[in-house]
Each structure stands twice: as C-alpha cells, then as structure tokens.
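The structure appears right after this line, and notes come after that.
Read-outs throughout are calculated quantities, based only on the coordinates presented, and are distinct from any laboratory measurement. Fair warning: this is a prediction, and the values are worked out from it, not measured in the lab. Here the Cβ positions follow ideal geometry from the backbone for every residue, glycine too, while neighbour counts run over all protein chains shown.
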Amino acid sequence: MQYDLIIVGSGPAGYVGAVRAAKYGLTTAIIEKEANLGGTCLNWGCIPTKTLLKTAKVIHTIQDAEKYGVSTSGMSFDFGKIMARKNKVVKRIVKGVDFLMKHNGVDVIRGEASFVDRNTLKTPQGDLTAKNILIATGSSPARPPIPGLDSPNVVTSRELLDLKECPKSLVIIGAGVIGIEFASFFRSLGVEVTVIEMLGEILPMIDPEIAAMFKRQIAKSGMQFHLSSKVTKVQDNAVFFEDTQGQEHAVQAEKVLLSIGVVPNTAGLNLEGIGVALEKRSIVTDEKMQTSVPGIYAAGDVNGIWMLAHKASREAEVAVDTIAGKHVKMQYRAIPSCIYTSPEIATVGLSEQEAQEQGIEFAVGRYDMVANGRFLGETEGERGIVKAIVGKKHGELLGLHILAPYASEMITAGTHGIEAELLIEDFDETVYPHPTICEAVREAILNADIG
C-alpha cells in the first residue's frame with residue numbers, strides 16, 4: 001500500500017502530525033520502535049516528571065503548613081506509591097494516543113525504519129512507500145566521553161524514572177532543565193542532592209537574574225552546587241571533578257544522573273544514503289519543515305531547534321499543512337519554555353542579551369511578586385519576579401521572563417502577546433482578574449519605560 005504520509009516516530013511531533021493528516025483525509029501510517037506510543041515526552045519526559053514534581057509540591061506544602069497556621073506531624077512518603085501513580089498517569093495518556101490513532105484511521109507499524117529511497121522505508125512489515133515522509137524520531141540523552149559513565153550506578157533520566165527504591169544520595173551532572181527538575185524532586189524526598197555544572201550558573205538558558213534568584217531559594221533546601229566544575233571520571237560510587245583552579249574533588253553518591261543534554265536520533269535511518277542534509281547530527285529544515293530532499297520533512301528534537309514538545313507539535317502541524325497545500329511557515333519567536341519546580345520558571349521571546357545582540361533598543365519592565373496580593377497570600381518567605389522586554393521604537397512585547405507560582409500558566413499571556421505583536425497600550429487596555437498571580441504580567445509590561 002502507498003500512503004500519502006508516513007511518519008517515523010510517535011512522540012509529540014509524530015502523533016500530532018498523524019491526527020492532523022487524518023483530518024485532511026490523507027492516508028497515514030506511523031512507525032514506532034518502542035513498545036508504547038508517545039515518545040520520550042509521554043513515557044520518560046514531560047508527563048512522568050511533572051507528575052513526580054506534583055508530589056514534590058505536595059510535600060513542600062505540608063512542610064510549610066505551620067506557616068499557615070496548620071499543624072502537621074508524622075509526614076512520610078511511600079516511594080513505590082509515588083512511582084505507581086506516575087506509571088498510572090503515563091499509562092492513561094499513552095492509551096489516549098492509541099485511541100487517537102485508531103479513531104483517526106492511522107495505521108501503526110511497530111519496529112524500526114530506514115530509508116531505501118526518498119519514498120520508501122524498510123520496516124519489519126516489509127517496504128512501505130509514501131508520497132511524503134515526516135521524520136519525528138526525537139532525541140536521546142547525550143553521553144560524553146567521561147570515564148566511568150558505564151558504571152551501573154550511572155543513569156539517564158529514563159532509568160531514573162524506573163527506580164524501585166529511593167536513593168539516599170544523588171549526584172546530578174548538568175544543571176539544565178532536566179537536571180534541576182530531578183534535583184528538586186529528589187531533594188523534596190530528603191535525598192542528599194549534589195549538582196555539578198561546567199558553566200558558572202545553573203539553568204544557563206534562563207535569564208541570569210532569575211536563575212540566580214531561583215538558585216538562592218532552592219539552595220535553602222540543602223541542595224549542594226558545584227559550578228564552573230568539570231567532571232573528569234566516575235569511579236567506585238564517586239564522581240570526580242575539577243574546579244576552576246584545577247583542584248580535584250570527589251562526591252560520593254548512591255546514584256549518578258547524567259543530564260547534560262540530548263542529541264537527535266538520526267542513526268540507522270540511512271539519511272546520508274538518500275541525501276538528507278545534516279548539521280551537527282541534526283536534520284536541516286526550512287520554515288515549512290522540509291529537508292533538503294523533496295517530500296521528506298522533519299519535526300521535533302531531530303532538527304535540533306528548541307528541543308521542546310510543544311514546539312515539536314507545531315512543527316509537525318506546519319509540515320502536514322504544507323503537504324496538504326496550505327501556505328504556512330514555522331515561527332520561532334514565541335516558543336515558551338517552562339521549568340516545573342517550586343517556584344516555577346517560564347520564559348518566552350527575547351532575553352536582554354538577545355535583544356542587545358540584535359541591536360534592538362528596548363526597555364525592561366520589572367514587577368516584584370511581593371507586591372502581588374495573591375502571591376503574598378499563598379506564599380511565605382518566597383520571592384518572585386516578572387521581567388518584560390519591550391521594544392522602545394514601537395512599544396511591542398519582545399520577551400517575558402517569570403519566576404513565580406503558576407509561571408507555566410502565566411507565560412501564555414506573553415506567548416500570545418509576542419505572536420500577536422501586542423503593544424504596551426494593548427496590555428493597558430486589557431483587564432486582568434484580581435487577585436491573581438497573572439496580574440503581575442500586565443504590571444511588568446506597563447512598568448517598561450519606553451520614553
């Protein structure tokens with residue numbers, strides 16, 4: 001059978017693209033090598049980690065109960081039940097993806113795929129052909145050439161999510177989003193957590209002021225940080241690293257999480273054999289998600305751009321819309337990024353540094369969350385901030401950066417504002433509900449002095 005579209009990979013790009021294609025009436029198949037549909041996000045990423053972080057927030061609330069006049073005693077947790085709830089949530093969502101494929105008439109092919117030519121894929125069920133093919137194979141944890149990473153106590157996020165017992169100590173190599181979210185979760189369980197990062201600050205992709213403020217807050221929990229430190233080896237349950245002075249140090253840990261980023265899954269697809277252009281292992285795509293080979297598209301982590309699930313889904317939609325004859329293109333100026341810790345961090349659009357590098361004249365509007373009524377009512381001893389980057393020439397919102405409870409929900413206001421090119425006066429004329437945390441978004445934007 002020849003399909004209109006075959007999709008390789010069933011993550012947020014793959015299954016969203018398949019549903020979109022089916023709605024256009026395109027005959028569609030999706031190929032998945034894993035046992036479950038949904039990709040990393042649903043099985044070993046976004047969904048299970050956020051489920052665990054909810055547990056961390058519940059523990060945080062109980063530990064702070066005395067501050068709100070509520071007495072508690074004898075708090076304990078059952079690690080097995082925590083992980084069982086995580087598994088239950090994942091199973092339910094994966095079943096939902098299975099249903100979507102059946103409901104939309106998408107054929108699911110199990111196993112690995114590789115290109116025979118630009119229209120043909122070799123699969124365990126034989127060669128399949130299609131007018132168009134969408135590559136959505138995602139990414140995998142990066143593994144640098146550090147001696148000892150093959151030790152049994154060294155795990156990636158995937159293995160960490162399958163632990164049967166809670167470790168007493170954990171060293172995390174890498175202070176990016178994945179590392180910090182796991183650090184927050186395990187520290188909430190009382191695990192001795194040490195984070196080692198080669199750069200000088202945690203969360204290097206986040207606004208430096210917000211990253212520093214966040215680090216001060218989570219450090220109060222007893223989490224240990226070694227920044228500007230290079231891991232040299234893992235040996236006998238110890239992680240060895242060098243500081244900026246070249247001094248060697250070692251930290252003992254029951255488990256070691258390797259969390260230094262991800263690399264696109266392009267191996268085994270025979271992309272070079274059919275002429276698909278790669279750059280640093282990522283598939284090169286244009287604004288319509290087309291690769292260098294006509295009829296072959298790529299979406300999600302595999303193209304190395306903004307490795308986020310929601311970005312992957314939108315790229316897949318753009319690819320399928322293009323296949324269906326629509327005139328669309330992918331926009332990257334308003335892709336939100338969220339970190340689901342306590343407090344949360346969310347960002348969208350340009351940072352101050354990026355605006356400076358692009359030669360844009362801008363003003364920064366700040367709003368300290370301690371001036372927000374609901375924030376004061378729902379927190380004790382915490383800090384937060386909203387920063388808005390506003391262009392001076394037109395007064396348009398360029399970027400929004402938030403450290404606050406519910407930041408992952410608040411950021412949508414900034415995402416829409418940037419995508420719709422809203423101006424200060426547009427926010428001034430918009431009434432936000434009171435009392436809400438989200439009021440801080442409007443206040444920060446209005447605080448930008450554009451002259």
Sort largest first and round to whole Å: the equivalent ellipsoid semi-axes of the stretch 296-451, each the square root of five times a Cα gyration tensor eigenvalue. 29, 19, 14
Let's see if you can work this out: charge +1 on each Lys and Arg Cβ, -1 on each Asp and Glu Cβ, no other charges. What is the dipole magnitude of the stretch 72-130 about its Cα centre, in debye to the nearest 20? 440
So what are the three principal axis dimensions of the stretch 193-315 from its Cα atoms, in whole Å, longest to shortest? 53, 34, 27
FRET efficiency for LYS329 and ARG281 from the Cβ-Cβ distance with R0 = 30 Å, rounded to 0.05, comes out at 0.75
Within the chain, which complete DSSP H helices have Cα atoms spanning at least 24 Å along the helix axis and a mean Kyte-Doolittle hydropathy of -0.5 or higher? 46-63, 79-103
Give the residue list of GluC sites (Glu not before Pro) in the stretch 372-451 that are DSSP loop and have at most 10 other beta-carbon atoms within 10 angstrom. GLU380, GLU429
Please list 105-115, 12-22 highest first by mean number of surrounding beta-carbon atoms within 10 Å per residue. 12-22, 105-115
Show me the ranking of peptides 310-320, 120-130, 343-353 by mean Cβ neighbours inside 10 Å, starting with the highest. 310-320, 343-353, 120-130
Rounded to a whole number, the Stokes-Einstein D of the stretch 376-451 in µm²/s (Kirkwood radius over Cα pairs; 37 °C; 0.692 mPa s) is 257
I'd like the projected area of the stretch 154-260, averaged over all directions, using the convex hull of its alpha carbons. Report it in nm² with one decimal. 6.4
Electrostatic dipole magnitude of the stretch 154-260 [Cβ: Lys, Arg +1; Asp, Glu -1; Cα centre; debye, to 20]: 220
What is the projected area of the convex hull of the Cα atoms of the chain, averaged over all directions, in nm²? 24.0
Using a 7 Å offset from the Cα along the Cα-to-Cβ direction at both ILE62 and GLU201, what is the distance between the two label points in nm, to one decimal? 3.5
